[in-house]
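The values are calculated or read from the model by the stated rules, or taken from the named source; none is laboratory data. Only a predicted model underlies this, so the values are computations on that prediction, with no experimental measurement involved. Backbone-built Cβ (ideal geometry, glycine too); neighbour counts: all protein chains shown.
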Amino acid sequence: MNGDAGRGERELAEHAFLTIPEWILGGLMLAGVGLTFANVIGRYVFGVAIYWAEEILVFTVIWGVFVGMVSAAYRDDFLSMDLFTAALTGRPRLALDLGIAAVLVLCCTYVALQSWHVVSLFFVSDQLTVSARIPKAIPHSALLVGFSLIPVAVALRLFARLSKRWRLRSPRRR
């Protein structure tokens, strides 16, 4: 396989798991700041608060966390306790990383399936949030999206590492 195809695959993966989440996170942050600013102006200048603003801000934070988790999984930037594992190199380290990736993929897949059931129930029952009156399926689908994409990001990262087809942007130092 030539280097151009590997570079194209890497760029596509980085676009999907780094660039797009960064744009989504930036958009959510800007929307949150704008909504907060509008609520402050409304409350203190006009004496009228946006009653649903705090609920929407909570939902933007939830979406931000779960979109950011996908990017963190792709970068291998999750918190880890490496007091004993920092000294591992070579095959023992690879075996440990494969085990950690397998457990992460299994746990995330299980949570994604459970989240699918919850979001489906919210969608079928057409439940709305208390203040903003938006379908509950929208904020709850953040978990579904995040926990569904994390296994894909981890698998891509592992594939890249095992096949040495491309180097990930800002790799974790081992």
Residues satisfying the stated conditions in segment 105-120, i.e. surrounded by fewer than 16 Cβ atoms within 10 Å (Cβ to Cβ) and either in contact (Cβ under 8 Å) with a residue 40 or more places away in the chain or not in a helix (DSSP H, G or I) (or both):
T109
Kindly indicate the residue of segment 32-62 that is in contact with a Leu (Cβ under 9 Å, 6 or more places away or on another chain) and hydrophobic (A, V, I, L, M, F, W, C) and also farthest from L144 (Cα to Cα) among those meeting that condition.
I50
Could you give me the residue pairs with C-beta distances under 9 Å whose first residue belongs to segment 145-164 and is closer than 14 Å to E9 by Cβ, whose second residue is surrounded by fewer than 21 Cβ atoms within 10 Å (Cβ to Cβ) and of a type in the set (F, W, Y) wherever it lies, and which are 6+ apart or on separate chains?
A160/W166
Filtered residues of segment 121-160 (kept if touching a Leu at 6+ places or on another chain (Cβ under 8 Å) and part of a helix (DSSP H, G or I))
I150, P151, V154, R157, L158, A160
Name every residue in segment 66-98 that is at pLDDT 85 or above and surrounded by 15 or more Cβ atoms within 10 Å (Cβ to Cβ), in order of residue number.
F66, V67, G68, M69, V70, S71, A72, A73, Y74, R75
Condition broken by Q127, with the remaining ones in (1) among the polar types (S, T, N, Q); (2) within 27 Å of L12 (Cβ to Cβ); (3) modelled with pLDDT of 90 or more satisfied:
(2)
Would you call G34 within 23 Å of M69 (Cβ to Cβ), part of a helix (DSSP H, G or I) and of a type in the set (G, A, S)?
no
